Amino acid sequence: MLASINPLVERGRNSRYWITATAYVVGSLAGGAVTGAIAGALGSTAASLVDLDGTGWVWVVAALCGCALASELGRVRVPSIHRQVDEAWLQEYRGWVYGLGFGFQLGSGFATIVTTASVYLVFVIAALSGSLLSGLVVGITFGLVRAVPLLTMARVRHPAQLRAHLARFAAWAPRASAITAAVVGLTAVVALSTVAVGSSAWPS
């Protein structure tokens with residue numbers, strides 16, 4: 001996506017990067033909001049049907065974090081559809097149209113291929129919040145984070161800058177995976193610590 005939407009390439013398509021990027025961010029926020037709200041609403045319904053106290057929910061979170069961590073470490077394959085955004089849109093539509101469409105699909109989390117278990121974990125936690133509003137906040141946050149990489153392309157003006165920027169992102173990929181695994185593992189530790197001290201992370 002970074003190689004497809006940036007000031008250099010957008011200029012070649014007679015589009016304005018800031019319009020496309022703004023539409024992308026709006027789409028990503030909307031996609032995350034929709035998925036998060038749905039997850040929160042489903043979680044609210046499930047909470048009324050499942051008889052678990054606060055400690056029980058904490059154990060659920062810890063177990064899910066363990067599964068996500070195993071996936072991040074390459075022990076478990078992440079289930080996913082094998083679909084990407086349709087790059088033909090880049091030639092067929094205006095910048096704001098494919099910006100909005102691509103942003104929504106990627107921000108929703110599951111409309112394209114899922115490469116990390118942390119995506120599932122984010123929206124499962126949104127569901128476990130047991131609230132549509134909380135799920136909405138989680139989803140919007142996810143959509144915002146998903147859009148940030150595209151915004152870092154704002155100063156790209158020449159091919160050499162584009163190549164250097166993409167190379168930096170490629171170099172950061174292993175570190176990003178390690179950071180994600182560390183955050184997931186830390187979340188599991190915090191959840192288990194909560195159980196150990198006899199408190200609850202979620203209301204019963």
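The values are calculated or read from the model by the stated rules, or taken from the named source; none is laboratory data. Owing to the predicted nature of the structure, the values given are computational and were not obtained by experimental measurement. Cβ sites come from the backbone with ideal geometry, for glycine too, and all protein chains shown count toward neighbours.
Observations on the model:
- For segment 44-130, the helices (runs of 4 or more DSSP H) that sit wholly inside it and include 2 or more residues that are hydroxyl-bearing (Ser, Thr, Tyr) and more than 17 Å from Leu150 (Cβ to Cβ) are 54-72, 117-128.
- Of all the residues in segment 105-131, those that are touching an Asp or Glu at 6+ places or on another chain (Cβ under 7 Å) and within 23 Å of Ala23 (Cβ to Cβ) number 0.
- The condition of being at pLDDT 90 or above, more than 13 Å from the chain's Cα centre (by Cα) and either part of a helix (DSSP H, G or I) or surrounded by 21 or more Cβ atoms within 10 Å (Cβ to Cβ) (or both) holds for only one of Leu133, Leu144, Leu192, that being Leu133.
Okay, residues lined up against (1) among the β-branched types (Val, Ile, Thr); (2) farther than 20 Å from Gly40 by Cα; (3) surrounded by fewer than 18 Cβ atoms within 10 Å (Cβ to Cβ); (4) modelled with pLDDT of 90 or more:
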| position | (1), (2), (3), (4) |
| --- | --- |
| Trp89 | no, yes, yes, yes |
| Arg94 | no, yes, yes, yes |
| Val122 | yes, no, no, no |
| Leu128 | no, no, no, no |
| Ile140 | yes, no, no, yes |
